[in-house]
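See below for the structure under consideration.
None of the figures in this text is laboratory data; all of them are computed from the coordinates on show. Nothing here was measured: the structure is a model prediction, and the numbers come from that model. Cβ placement follows ideal geometry from the backbone for every residue including glycine, while neighbour counts extend to all protein chains displayed.
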Amino acid sequence: MITAFVFVETTSPAEVVALGTAMAGIDGVYECYSVTGEFDLIAVLKVRTHEDIATVVTERIASLPGVAATTTTIAFRAYSQQDLAGF
C-alpha cells in the first residue's frame, strides 16, 4: 500500500467544504482534512500503485471545480506512538 499526501489550494475559502466532501468520496482518498496555513485541504491517499496516485490526483482531484493547485508528496515510512512503543 502506498500513502501519499495531496496538498490542495482552492480558488476561494468558500470552496473548502464542497471540495473536502467531494474529495472524500473519491476512490483512493483515505481521509481529507481542512487545514490552516498555505494550503486549504490535505487529502491522504492509500493506493496500490504509483499509477493510481497519478490517476487520483490528475484525473479526479485536480479536475474538481474550485481546485486552484495541488502539491503531492509520497510517504516512505510511517512512524507512530505504536511503532515506537517497543523502544
Whole-angstrom gap from the range 41-55 to the range 11-38, using each part's C-alpha centre: 14 Å
Average Cα contact separation per residue, the chain, under 8 Å, 6 or more apart, as relative contact order %: 41 percent
Integer Hz, Karplus 6.51/-1.76/1.60 couplings in order for the range 3-11, x for Gly and Pro: 10, 9, 10, 10, 8, 10, 9, 9, 6
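Run the helix sum for the chain: -39,500 (n - 2.57) per DSSP H stretch of 4+ residues, divided by residue count, reported at 222 nm to the nearest 500 deg cm²/dmol. Please report the intermediate quantities before stating the final value.
On the way: 3 runs with 18 residues, N = 87.
Result for the chain, helices only: -4500 deg cm²/dmol.
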Overall Cα dimensions of the chain, principal axis frame, Å, largest first: 45, 29, 19
Footprinting exposure proxy for E15, E38 (fewest neighbouring C-beta atoms within 10 Å first): E38, E15
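About the Cα centre, and with charges only on the beta carbon of Lys, Arg (+1) and Asp, Glu (-1), how big is the dipole of the range 2-84? Nearest 20 debye, please. Working shown, then result.
On the way: 4 positive and 10 negative charges, 36 e Å.
Once rounded to the nearest 20, the dipole reads 180 debye.
Calculate the FRET efficiency for T73 and T21 from the Cβ-Cβ distance with a Förster distance of 35 Å, rounded to the nearest 0.05.
Rounded to the nearest 0.05, the efficiency is 0.95.
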Extension reserve of the S80-E38 stretch, reckoned as 0.36 nm per residue once the Cα distance is removed: 12.6 nm
